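The values are calculated or read from the model by the stated rules, or taken from the named source; none is laboratory data. The structure displayed is predicted, hence computed values, not measured ones. Glycine gets a Cβ as well: all are built from the backbone with ideal geometry, and neighbour counts include every protein chain shown.
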Amino acid sequence: MDAETGSVLFEKGSDTPVSPASTVKIMTAELVFRELKAGRLKLDDEFTVSENAWRTGGAMARGSSMFASLNSKVRVEDLLRGIAIVSGNDAAIVLAEGISGSEEAFADRMTKRAAELGLPHLIFRNSWGKDHPSQRVTAREMTLLAAHIIKTYPEFYRYFAEREFTWNKIKQQNRNPLLGMDLGADGLKTGNIDEASGYGLVGSAVQNGQRLILTVYGLRNAKDRSEEARKIMQWGFRSFESRAVLAAGENVGSARVYGGEQMNVGLVAPNPVKVLMPRGGTERLTARIVYQGPLMAPVQEGAEVARLRVYRGSALALEAPLVAGESVSQGPLHRRAFDASLELGQSLFRKYVLKQ
């Protein structure tokens, strides 16, 4: 996906639920970043390494670990580095317990937060990636989560690009294979549980001012994951060019208003809308306005009330917000009565006529 435009350059099985493994730590990091940005948490705050975190996520568990010692106190910033750089299971558990009291409570917050971000298919049961039958994500929504983090938390996103991390005199390299390639990569996370679940990666890179975000799951081994991710990234940077669809403030169409002083409100693109097209391609662009209507008056100017979906051929290329171009006040009683009777008639028509 192109980060600026939201254009999807390639997708396959992008809405299929999969086991995320350690890529769940991206959502763990989002909650911590949010607490830091809101001032409810500080980088110098310390959390204690519990026996659960030490036994479940530490060295003795034989998974990825930052090697935090039992009952030691670790700064939030060091725990974040433990997650972002070496995918420390112990670091993720310590943060979850420190913020929410337990992993289970923190995982509930992860799922709720994902829903708040418009990512309802991200379901979490733990903070570090332990396999669970109902812990599932989709490639599309993990890509959107990564885009959100990159845009919202640039001051913290930088941890994902650090090449190594040392704790308890143990130096470890960043587990993201893209960082060692000449791609301009600067994040995010790998994940794998076993060969049956496959190997995954959510990664991002910047070349010539353009950022691409890539998510892959289900690769057979670490080598395949690295090679496929590299090939897709190179193809994306090489094969597409930006094309303007709408200018900021441009009127796109209108939406029906219920009970307002006027029957319709203009829809405006608040930001420039661009889509990436294959270089030299001839695919046709089409667009569709989508909203839950009619809109209920009053409608505030600038409020997001609809979405614009742009298709490249038959594929959804991007989805962008549309806002009300003007305010619409609630109409007089006779106008509301007329709209009510009109809506009733249309609903009866849909129910009894269109279904025949």
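Within region 217-249, if we keep just the residues that are of a type in the set (Asp, Glu) and surrounded by fewer than 15 Cβ atoms within 10 Å (Cβ to Cβ), the residue that is farthest from Val275 (Cα to Cα) turns out to be Asp224. The number of residues in region 300-318 being out of contact with any Asp or Glu (no Cβ under 8 Å at 6 or more places or on another chain) and either of a type in the set (A, V, I, L, M, F, W, C) or surrounded by 15 or more Cβ atoms within 10 Å (Cβ to Cβ) (or both) comes to 7.
Residues in region 88-132 that are among the hydrophobic types (A, V, I, L, M, F, W, C), closer than 21 Å to Val18 by Cβ and in contact with a strand residue (DSSP E or B) (Cβ under 6 Å, 6 or more places away or on another chain): Leu122, Ile123.
Residues being of a type in the set (D, E, K, R) and closer than 13 Å to Lys25 by Cα: count how many of those fall in region 49-95. Residues in region 49-95 being of a type in the set (D, E, K, R) and closer than 13 Å to Lys25 by Cα: 2 in total.
Within region 76-120, being touching a Phe, Trp or Tyr at 6+ places or on another chain (Cβ under 7 Å), more than 18 Å from Asp45 (Cα to Cα) and among the hydroxyl-bearing types (Ser, Thr, Tyr) holds for one residue alone: Thr111.
Conditions tested, residue by residue: (1) in contact with a strand residue (DSSP E or B) (Cβ under 6 Å, 6 or more places away or on another chain); (2) without any contact (Cβ under 8 Å) to a residue 60 or more places away in the chain; (3) on the phi > 0 side of the Ramachandran plot.
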site: Arg230; (1), (2), (3): no, yes, no
site: Phe237; (1), (2), (3): yes, yes, no
site: Val257; (1), (2), (3): yes, no, no
site: Gly280; (1), (2), (3): no, yes, yes
site: Ala287; (1), (2), (3): yes, yes, no
site: Tyr291; (1), (2), (3): yes, yes, no
site: Leu295; (1), (2), (3): yes, yes, no
site: Gln300; (1), (2), (3): no, yes, no
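Here Lys171 meets the list (1) in contact with an Asp or Glu (Cβ under 8 Å, 6 or more places away or on another chain); (2) surrounded by fewer than 17 Cβ atoms within 10 Å (Cβ to Cβ); (3) basic (Lys, Arg); (4) in a helix (DSSP H, G or I) almost entirely, failing just condition (4). Yes or no: Thr143 hydroxyl-bearing (Ser, Thr, Tyr) and either part of a helix (DSSP H, G or I) or in contact with a Phe, Trp or Tyr (Cβ under 9 Å, 6 or more places away or on another chain) (or both)? The answer is yes for Thr143.
For region 251-292, which residues satisfy the criterion of being more than 25 Å from Ser314 (Cα to Cα) and within 28 Å of the chain's Cα centre (by Cα)? If you could, list the steps in order and put the result at the bottom.
As a first pass, look at region 251-292 and keep what is more than 25 Å from Ser314 (Cα to Cα): 256-266, 270.
Correct list: Pro270 only.
Scanning region 322-337 turns up one or more residues that are of a type outside the set (Lys, Arg), modelled with pLDDT of 90 or more, within 15 Å of Val265 (Cα to Cα) and touching a Lys or Arg at 6+ places or on another chain (Cβ under 8 Å).
Residue pairs whose Cβ atoms lie under 9 Å apart, sitting 6 or more positions apart in sequence or on different chains, and linking a residue in region 136-153 that is under 14 Å from Ile123 (Cβ atoms) to a partner that is in a helix (DSSP H, G or I) and among the hydroxyl-bearing types (Ser, Thr, Tyr), are Val137/Thr23; Met142/Thr23.
Has region 209-227 got at least one residue that is in contact with a Pro (Cβ under 8 Å, 6 or more places away or on another chain) and of a type outside the set (Ser, Thr, Tyr)? First the steps, then the outcome.
Within region 209-227, the subset in contact with a Pro (Cβ under 8 Å, 6 or more places away or on another chain) is 217, 222, 225-226.
Those left that are additionally of a type outside the set (Ser, Thr, Tyr): 222, 225.
For region 209-227, residues in contact with a Pro (Cβ under 8 Å, 6 or more places away or on another chain) and of a type outside the set (Ser, Thr, Tyr): present.
How many residues does region 192-215 hold that are surrounded by fewer than 19 Cβ atoms within 10 Å (Cβ to Cβ) and either in contact (Cβ under 8 Å) with a residue 60 or more places away in the chain or not in a strand (DSSP E or B) (or both)? Before you say what the answer is, go through the steps one by one.
Quick first cut of region 192-215, residues surrounded by fewer than 19 Cβ atoms within 10 Å (Cβ to Cβ) only: 193-197, 206-211.
Applying the additional criterion that residues be either in contact (Cβ under 8 Å) with a residue 60 or more places away in the chain or not in a strand (DSSP E or B) (or both) yields 193-197, 208-211.
Of the residues in that region, 9 qualify.
Restricting to region 64-73, count the residues that are touching a strand residue (DSSP E or B) at 6+ places or on another chain (Cβ under 7 Å) and surrounded by 24 or more Cβ atoms within 10 Å (Cβ to Cβ). Qualifying residue count for the region: 2.
Report yes if Asp224 is of a type in the set (D, E, K, R), part of a loop (DSSP other than H, G, I, E, B) and at pLDDT 90 or above, otherwise no. Walk me through it before giving the result.
On the way: of a type in the set (D, E, K, R): yes; part of a loop (DSSP other than H, G, I, E, B): no; at pLDDT 90 or above: yes.
It is false that Asp224 is of a type in the set (D, E, K, R), part of a loop (DSSP other than H, G, I, E, B) and at pLDDT 90 or above.
Applying the criterion of at least 2 residues that are free of Cβ contacts under 8 Å to residues at least 24 places away in the same chain, outside the structural domain of Arg136 (by TED's automatic domain parsing) and at negative phi to the helices (runs of 4 or more DSSP H) found wholly in region 21-111 leaves an empty list.
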